[in-house]
Amino acid sequence: MSTSYLQYSKFILLKVSFDAALFEKEFRKCLRLLLTHEIRELKRWCRATFPKSFRGIMGRCFRYFWRTKATGVVTSKTANPLT
């Protein structure tokens, strides 16, 4: 039986949710690898699954993802949104 990357992403995010930095790293990786409709599903699932304390991380990752996806390139300004 094959598991979709969306299901695998959910599994990984549940396992790393004990550490916010690791969660953010894995969440960004998931966004890069999933299709657009899968990202929407992941967003709904994350909001229902994780506490509000993770919303800031998820919001930052989504903003970064959509900004880089819209331009198609990662610039030095978007390369590290934490600075």
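The values are calculated or read from the model by the stated rules, or taken from the named source; none is laboratory data. Treat the numbers as computed from the prediction; the structure is a model and nothing was measured. All Cβ positions, glycine included, derive from the backbone under ideal geometry; neighbour counts span all protein chains shown.
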* To do: Check TYR5 against each of (1) among the hydroxyl-bearing types (Ser, Thr, Tyr); (2) in contact (Cβ under 8 Å) with a residue 24 or more places away in the chain; (3) exposed (fewer than 11 other Cβ atoms within 10 Å of the Cβ) and name the one condition it does not meet.
  => (3)
* Asked: Can you tell me which residues in the range 1-32 are part of a helix (DSSP H, G or I) and charged (D, E, K, R)?
  -> LYS10, LYS15, GLU24, LYS25, GLU26, ARG28, LYS29, ARG32
* State all residues of the range 37-83 that are exposed (fewer than 10 other Cβ atoms within 10 Å of the Cβ), at pLDDT 75 or above and not in a helix (DSSP H, G or I); if no residue qualifies, say none. => PRO51
